[in-house]
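The values are calculated or read from the model by the stated rules, or taken from the named source; none is laboratory data. Everything numeric in this text was worked out from a predicted model, so none of it was measured. Cβ: placed from backbone, ideal geometry, glycine included. Neighbour counts: every protein chain shown. Please note that ligands, DNA and RNA were not included when accessible areas were found on the heavy atoms of the full protein model with its side chains. Shrake-Rupley method; radii C 1.70, N 1.55, O 1.52, S 1.80 Å.
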Amino acid sequence: MVQIKEFRIVMPMSLEEYHVAQVYMVNKMQQQNTTDTEGVDILEKRPFHNEFGKGQYSSKVYRLQSKAPSWLTTFAPADALILQEEAWNAYPRCKTVIKCPYFTKFSLTIETVHKADSGQSENVHGLNKERLEARQVEKIDIASSATDYWSYIIGSDAVDFSNFKSAKTGRGPLLEGWQDKCSPVMTAYKLVMVDAPYWGFGYRLEQAMLAGERALFIESHRNCFSWIDEWFGMTMQEIGGLEPKQVDENGENTVSMKKSDDVLDIIYPLDDELPSAL
């Protein structure tokens, strides 16, 4: 059975600021988490224009062997968490599709809509009645200090937002109820749909992926705000200038590369979807 969960992440910034913050955050986190054996391989990046919109398409491989839950490694090899991602980033809308070569029936899709509100919109993804009834909703507070198993696996930003204040913007601290009081404000509505139709362990795998995505959303969005004094004032053009580009025979900017120490990239979906892989 397909699991459907919508995460609403409220952020103390405008839609335009979030776009810059997200790209900066993805670049930095990707550099921090890529090693010789694990991390992200960028296979392709190119412009797209189709029924979804107009933006950037990317294809990547995530190597996450060390993040596999212990129960999974009892019957699956270490490379079971090598994931293939395709992402369509048409900000403020993004879509990411994750597949796993080892579990061929597995699929994970993340659709993201960014809106200038505080998380009160009820059906930004235009779901039908059946999917609305199946959908679970969780509003994430980036100021929460609560941790769990997956926050340990993904990593945890140690910044205490109840004492944090941006030197450049004066934003913060984030105290109880801050989502309804701050200005500017925006929300990332992330709809996660995961399906692992395997008898005996499919539901457990689906729940693990949902928990992993939740932890990644929390960590990445906490970083967006805690690094605000690093990216604030930058333009998309300035951040785009950090990325190596190639010009194809048609004169269009494209990127096709493998990871290297000096490569900066946009992860998820997004969002590329912010991203997505664990």
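In region 221-237, which residues are modelled with pLDDT of 95 or more and of a type in the set (S, T, N, Q)?
N223, S226
Looking only at region 187-204, count every residue that is open to solvent by less than 10 Å² (accessible area, probe 1.4 Å) and either closer than 29 Å to V10 by Cα or aliphatic (A, V, I, L, M) (or both) and tell me the total.
Step one: list which residues in region 187-204 are open to solvent by less than 10 Å² (accessible area, probe 1.4 Å), which gives 187-192, 194, 196, 202.
Checking the rest, the ones that are also either closer than 29 Å to V10 by Cα or aliphatic (A, V, I, L, M) (or both) come to 187-192, 194, 196.
Residues meeting the conditions: 8.
Does region 164-182 contain at least one residue that is at pLDDT 95 or above, under 23 Å from M193 (Cα atoms) and open to solvent by less than 40 Å² (accessible area, probe 1.4 Å)?
No.
Looking at the structure I just gave you, is L205 under 18 Å from Y62 (Cβ atoms) and at pLDDT 90 or above? Show your work before the answer.
Details: under 18 Å from Y62 (Cβ atoms): yes; at pLDDT 90 or above: yes.
Considered against the rule, which asks whether it is under 18 Å from Y62 (Cβ atoms) and at pLDDT 90 or above, L205 comes out as yes.
Condition first: open to solvent by 10 Å² or more (accessible area, probe 1.4 Å), touching a residue at least 60 places away in the same chain (Cβ under 8 Å) and part of a strand (DSSP E or B). Now tell me which residues in region 99-113 satisfy that.
Selection gives S107, T109, E111, V113.
Checking I153 against (1) within 26 Å of E16 (Cβ to Cβ); (2) within 21 Å of the chain's Cα centre (by Cα), only one condition comes out false. Which one?
Single failed check for I153: (1).
Just wondering, is there one or more residues in region 114-125 that are open to solvent by 60 Å² or more (accessible area, probe 1.4 Å), free of Cβ contacts under 8 Å to residues at least 60 places away in the same chain and touching a helix residue (DSSP H, G or I) at 6+ places or on another chain (Cβ under 6 Å)?
Quick first cut of region 114-125, residues open to solvent by 60 Å² or more (accessible area, probe 1.4 Å) only: 115-116, 120, 122-123.
In the following step, the residues that additionally are free of Cβ contacts under 8 Å to residues at least 60 places away in the same chain were identified as 120, 122-123.
Okay, now just the ones that are also touching a helix residue (DSSP H, G or I) at 6+ places or on another chain (Cβ under 6 Å), so none.
No, region 114-125 contains no residue that is open to solvent by 60 Å² or more (accessible area, probe 1.4 Å), free of Cβ contacts under 8 Å to residues at least 60 places away in the same chain and touching a helix residue (DSSP H, G or I) at 6+ places or on another chain (Cβ under 6 Å).
Just for region 133-160: of the residues that are assigned to a helix (DSSP H, G or I) and open to solvent by 60 Å² or more (accessible area, probe 1.4 Å), which one is nearest to R8 (Cα to Cα)?
Pass one, region 133-160, residues assigned to a helix (DSSP H, G or I): 133-134, 149-154.
Restricting the remaining residues to those that are open to solvent by 60 Å² or more (accessible area, probe 1.4 Å) gives 133, 149, 152.
Working: E133: 17, Y149: 21, Y152: 21 Å.
Among those residues, the one meeting the criterion is E133.
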